[in-house]
Amino acid sequence: MAFLELVHLEKSFGNVHVVKDFNLAVEKGEFVSFLGPSGCGKTTVLRMVAGFETPTSGSIRIDGQDVTQAKPNQRHIGMVFQAYALFPNLTVEQNVGFGLRVAGKGKTEIRARVKEMLDLIGLPKLGDRYPFQLSGGQQQRVALARALAVSPRVLLLDEPLSALDAKIRINLREEIRRIQRELGITTIFVTHDQEEALSMSDRVAVMHEGVADQIGTPFEIYSRPATRFVAQFVGTLSLLDAAVLDAPSGRLKIGDVPVMLNRAVQGEGGKVSLALRPETIALGRREGREVVFPGRIIDVHFLGSVIRIRVMVAGQVVLLDTFNQPDTPPPVVNSEVEISVCENDLLVLAA
């Protein structure tokens with residue numbers, strides 16, 4: 001039995017169906033991210049787990065206990081908000097120990113636990129400061145320590161890094177993951193940042209219009225997207241519309257260019273889309289890359305270590321990435337080229 005189970009969760013606000021038949025089983029100590037654009041329902045699911053929203057239907061179980069109707073303070077959950085939500089009139093030590101005081105713990109126990117938490121987040125000497133005396137990254141660390149101080153069964157993180165600048169975000173996400181692994185705490189992390197989700201998570205649930213389009217490991221989500229939305233939302237992608245000539249053998253046509261996939265596809269006489277990641281495409285013919293497209297270079301972007309090239313193939317644009325080689329100049333715009341890709345790297349999606 002999974003440690004956290006969300007079974008057929010649904011949530012409606014009036015006639016607006018925000019979450020639709022959401023199912024997820026999270027193992028003890030697992031780190032799962034909810035990834036998706038604004039309005040997709042990911043924060044609503046998180047708030048239902050926390051007890052701030054009541055499901056229209058479905059159930060929530062934590063460690064075998066049904067908490068669907070339980071109040072937030074009865075669920076033994078730690079929550080970190082996007083806006084920190086620290087008490088401005090309390091010191092760092094008082095903020096971290098707040099939940100322990102509410103729970104009626106003794107002063108000695110609170111003092112020891114607060115010291116442990118401040119050591120854990122790397123702020124052992126800032127206990128007497130107030131929130132306004134801290135940077136944004138330090139405030140978020142204190143918010144994390146406050147959530148962890150009460151030893152929650154589940155930790156919920158609602159876009160906790162979105163208000164921070166890029167460098168601090170990277171450092172803090174590494175710290176959050178380190179602490180989560182060290183404590184072995186079951187964690188749900190909500191974000192719209194795909195890099196955060198892919199780099200931090202054991203599994204990712206990609207949400208779209210209230211539905212979990214795909215739940216899988218970061219590798220599965222990126223390399224084998226289950227839907228067109230997941231393919232386009234996660235990472236950079238090119239889509240080539242193709243006509244299906246023979247579905248059982250995988251014989252397609254992109255413009256006037258024949259393509260043989262050597263595997264069955266859906267849609268005899270119909271249309272499909274071929275999805276290609278930039279890093280899977282080579283400029284020119286390469287051994288092991290059996291699918292070759294003729295094209296014309298329409299743009300070249302120098303990005304430092306990587307050169308991104310836009311190639312027109314049968315009237316459609318394909319992006320490919322190649323490493324910058326100091327002794328090899330970038331290709332020339334308007335030059336005729338061939339690009340090649342391994343057949344297994346062509347993802348077939350519904351048109």
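Quick one: of the DSSP bridges fully inside the chain, what percent are antiparallel, nearest 5? List each step's numbers first, then the result.
Working: 59 of 77 bridges.
Percent antiparallel among DSSP bridges in the chain is about 75.
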* To do: Identify which of 161, 183, 237 has the largest mean-square fluctuation in a Gaussian network model of the chain, with springs joining Cα atoms closer than 10 Å.
  => 183
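What is the extension gain from residue 342 to residue 103, computed as 0.36 nm multiplied by their sequence separation minus the C-alpha to C-alpha distance, in nm to one decimal? Write out the running numbers ahead of the final one.
On the way: separation 239, 0.36 × 239 = 86.04 nm, distance 5.92 nm.
Fully extending the segment from residue 342 to residue 103 adds 80.1 nm.
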* May I ask you to give the solvent-accessible area per residue for the stretch 73-131, in square angstrom, as obtained with a 1.4 angstrom probe? => 59 Å²
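Roughly speaking, what is the stretch gain from residue 90 to residue 219, that is 0.36 nm per residue apart minus the C-alpha to C-alpha distance, in nm to one decimal? Intermediate results must be reported in sequence, preceding the final value.
Numbers: separation 129, 0.36 × 129 = 46.44 nm, distance 4.29 nm.
Going from the current span to full extension adds 42.1 nm.
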* FRET efficiency for residue 247 and residue 182, Cβ-Cβ distance as r, R0 = 35 Å, nearest 0.05? -> 0.10
* To do: Quick one: grab the alpha carbon gyration tensor of the stretch 228-273, order the square roots of its eigenvalues as a ≥ b ≥ c, and give me rounded if a/c is under 1.5, else prolate or oblate depending on whether a/b is larger than b/c.
  => prolate
* Asked: Roughly what would the spin-label model give for residue 132 and residue 119, points 7 Å off Cα along C-beta, in nm?
  -> 3.3 nm
* To do: Select from 222, 292, 257 the residue farthest towards the positive end of the dipole of the stretch 201-351; place +1 on Cβ of Lys and Arg, -1 on Cβ of Asp and Glu, and compute about the Cα centre.
  => 257
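So with the 1.4 Å probe, I'd like the accessible area per residue for the stretch 215-351, rounded to whole Å².
Working: 6990 Å² over 137 residues.
Solvent-accessible surface per residue comes out at 51 Å².
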* Along the Cα-to-C-beta direction of residue 165, a point sits 7 Å from the Cα; which residues of the stretch 111-152 have their amide N less than 14 Å from that point? -> 135-138
* Asked: Using a Gaussian network for the chain with springs between C-alpha atoms less than 10 Å apart, which of these wobbles most: 17, 301, 76?
  -> 301
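Rounded if a/c is under 1.5, else prolate if a/b is larger than b/c, else oblate: which is the stretch 124-197, with a ≥ b ≥ c the root eigenvalues of its Cα gyration tensor? Could the numbers behind the result be given before it?
Numbers: a/c = 1.87, a/b = 1.12, b/c = 1.68.
Oblate is the answer for the stretch 124-197, as a/c is 1.5 or above yet b/c matches or exceeds a/b.
May I ask you to list the trypsin sites (Lys or Arg not before Pro) in the stretch 11-86 that are in a DSSP loop and have at most 14 other Cβ atoms within 10 Å of their Cβ? Spell out each step's value before the answer.
Details: sites: 11, 20, 28, 42, 47, 61, 75; in loops: 28, 75.
Passing sites in the stretch 11-86 are 28.
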* Structure fact -> Listed residues 303, 134, 126; largest mean-square fluctuation, Gaussian network over the chain with Cα springs below 10 Å, found at 303
* To do: May I ask you to list the trypsin sites (Lys or Arg not before Pro) in the stretch 82-169 that are in a DSSP loop and have at most 11 other Cβ atoms within 10 Å of their Cβ?
  => 125
* Asked: When the helix-only estimate is applied to the chain (DSSP H runs of n ≥ 4, each -39,500 (n - 2.57), divided by the residue count), what is the mean residue ellipticity at 222 nm, nearest 500 deg cm²/dmol?
  -> -7000 deg cm²/dmol
* For the stretch 217-351, with +1 on Lys and Arg beta carbons and -1 on Asp and Glu, the positive-most of 328, 239, 344 along the dipole -> 239
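Dipole of the stretch 261-351, Cα-centred, from +1 at each Lys and Arg C-beta and -1 at each Asp and Glu C-beta, to the nearest 20 debye?
Dipole about the Cα centre, nearest 20: 180 debye.
So if I place +1 on the C-beta of Lys and Arg and -1 on the C-beta of Asp and Glu, and nothing else carries charge, what would the dipole magnitude of the stretch 1-63 be about its Cα centre? I want it in debye, nearest 20. Let's see the in-between values first.
Details: 6 positive and 7 negative charges, 37 e Å.
Dipole magnitude for the stretch 1-63 comes out near 180 debye.
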* Calculate the dipole size of the chain relative to its Cα centre from +1 charges on Lys and Arg beta carbons and -1 charges on Asp and Glu beta carbons; express the result in debye to the nearest 20. => 1200 debye
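Ignoring ligands, DNA and RNA, how do 44, 322 rank by accessible area with a 1.4 Å probe, largest first? Working shown, then result.
Values: 44 25, 322 50 Å².
Ranking 44, 322 by accessible area, largest first, yields 322, 44.
Calculated FRET efficiency, residue 59 and residue 334, Cβ-Cβ r, R0 45 Å, to nearest 0.05? Don't jump to the answer; show the numbers that get you there.
Details: r = 60 Å, r/R0 = 1.34.
So, using R0 = 45 Å, E works out to roughly 0.15.
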* Structure fact -> Filtering GluC sites (Glu not before Pro) in the stretch 283-351 by DSSP loop and by at most 12 other Cβ atoms within 10 Å leaves 287
* In Hz, Karplus ³J(HN,Hα) per residue of the stretch 30-37 (6.51, -1.76, 1.60; θ = phi - 60°; x = Gly, Pro) -> 7, 10, 10, 9, 9, 10, x, x
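Per the 1.4 Å probe, what fraction of the accessible area of the stretch 203-351, in percent, lies on carbon and sulfur atoms? Can you show the working numbers first?
Numbers: 3870 of 7370 Å².
C and S fraction of accessible area: 52 percent.
With r as the distance between the Cβ atoms of residue 350 and residue 327 and R0 = 51 Å, compute the FRET efficiency 1/(1 + (r/R0)^6) and round to 0.05.
Values: r = 44 Å, r/R0 = 0.86.
Once the sixth-power term is evaluated, E becomes 0.70.
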* Structure fact -> From highest to lowest solvent-accessible area (probe 1.4 Å; ligands, DNA and RNA excluded), 317, 259 read 317, 259
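The values are calculated or read from the model by the stated rules, or taken from the named source; none is laboratory data. Because the structure is predicted, anything quoted here is derived from the model rather than measured. Every residue, glycine as well, gets a Cβ built from its backbone with ideal geometry; the counts of neighbours run over all protein chains shown. Ligands, DNA and RNA are stripped out before the accessible areas are found, and what is left, the full protein with its side chains, is counted by its heavy atoms. Shrake-Rupley method; radii C 1.70, N 1.55, O 1.52, S 1.80 Å.
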